[in-house]
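The values are calculated or read from the model by the stated rules, or taken from the named source; none is laboratory data. Only a predicted model underlies this, so the values are computations on that prediction, with no experimental measurement involved. Backbone-built Cβ (ideal geometry, glycine too); neighbour counts: all protein chains shown. Ligands, DNA and RNA are excluded from the accessible area calculation, which covers all protein heavy atoms including side chains. Shrake-Rupley method; radii C 1.70, N 1.55, O 1.52, S 1.80 Å.
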Amino acid sequence: MQIAQVIQKSPSVWELQLADGRCYEIDHACVLEYALLDRLEIEEETLQQMQMAFCQRHAMQQAIRWLNFRPYTYKAMFQRLAPQYGETVSFAGLKRLTEMGVINDYQYAQQMARSAVERKGYGLRRAGEMMRQKGVPKNVIAAVLQPYEETVTERLLQQIQRHYAEKLADPSDRQMVQRVKAALVRKGYSFSEVNAAVQQYWEEEDG
C-alpha cells in the first residue's frame, strides 16, 4: 500500500494517509518505530501491528490518567477500557499495568479493609460486599479479611462502648436493645456476632 503522506496534527497526534484514501491516527512513537517519514509503502500486516501498538500505548496512557485520580481493581479498569479499546488491547494493557504494580487487587482490598473495618467500624460482611462491588475477586476478599476474623467481638465491643453504651444501660428495654442490635447488623455484623457481643458487654458491666 502506498503512503500518501504522514503529517503532524498536534504535538501528540500524527496522521498516516494512504493513497487509497484511508487515514490512521498514530503517535510519534509509531512514526519513529516504523520509519514512516522515510518509506513510501507499508504492508497490511505492518499497518495492523502499528495500529495495535498505538492503541495499547493510548490505552495505557488513559488508564494511568484514571489511576492518578483514584485506585482501580483489575475488573473495574477493564470495564472502563474495554468499551473504548476492545478486549484484546484492554487485556494487554492490564497485563502490563499489573506487572508494573499499579493495578494490584490485593493491595486495593487491603486499603478498603483498613478503611471499612478499622476506621469506619464496619463488619466483615459489609466490608466484603463493598469490595465485591468494586470488582475484587472472592479469594482476595477472603484473604484480606481473614486476619480480622479473630477480633470481631473486640471491635463490636468498642462500637458498643463508643456509640451505644447509654442505649444499652437498661437490658430490660427490649425495644431499645433491638434497635441497637439492628444498627450493628446494618454495619455488617451477623446477628450471632451482635447478640454475643451485647451479652458480653452486659456481663462485663455487671462484673
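Worth pointing out:
- Residues in segment 39-82 that are part of a helix (DSSP H, G or I), surrounded by 13 or more Cβ atoms within 10 Å (Cβ to Cβ) and not polar (S, T, N, Q): 22 in all.
- Residue-level analysis places R155 outside the set of residues that are modelled with pLDDT under 95 and exposed (fewer than 13 other Cβ atoms within 10 Å of the Cβ).
- Filtered by the rule that a residue be open to solvent by less than 70 Å² (accessible area, probe 1.4 Å), in a helix (DSSP H, G or I) and at pLDDT 80 or above, segment 1-33 gives a lone residue, A29.
- In this structure, L36 does not qualify as farther than 30 Å from Q111 by Cβ and open to solvent by 70 Å² or more (accessible area, probe 1.4 Å).
- The residue list E44, E87, E99 contains one member that is in contact (Cβ under 8 Å) with a residue 40 or more places away in the chain and of a type outside the set (F, W, Y), which is E44.
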